[in-house]
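None of the figures in this text is laboratory data; all of them are computed from the coordinates on show. Bear in mind the structure is a predicted one, so any value in this text is a computation, not a measurement. No Cβ is skipped: glycine too gets one built from the backbone with ideal geometry, and neighbour counts run over all protein chains shown.
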Amino acid sequence: MNDRRQLLSVRTTLILALAATTGVAVAALTVLSGQDWPVALLAAGAATATATGLFDQIIGDTTDGP
């Protein structure tokens, strides 16, 4: 008897999780390459924003039909 409404759809949650994972990976790789943290955060932000758009296009919405 759980009548709570979902805050985010499964599709949106998956897109945000994948984009966040991409951002963390880019930040880690940037720091490991010898760059400073501010550079890594800028690179991670850019990668997260780009990945969000990319995953939004790749992961289809099932309500549209075939």
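Remarks
- The set of residues from the stretch 7-66 being more than 15 Å from the chain's Cα centre (by Cα), exposed (fewer than 12 other Cβ atoms within 10 Å of the Cβ) and of a type in the set (Ser, Thr, Tyr) comprises SER33, THR62, THR63.
- Hits in the stretch 4-24 - residues which are free of Cβ contacts under 8 Å to residues at least 12 places away in the same chain and within 25 Å of GLY60 (Cβ to Cβ): ARG5, GLN6, LEU7, LEU8, SER9, VAL10, THR12, THR13, ALA17, THR21
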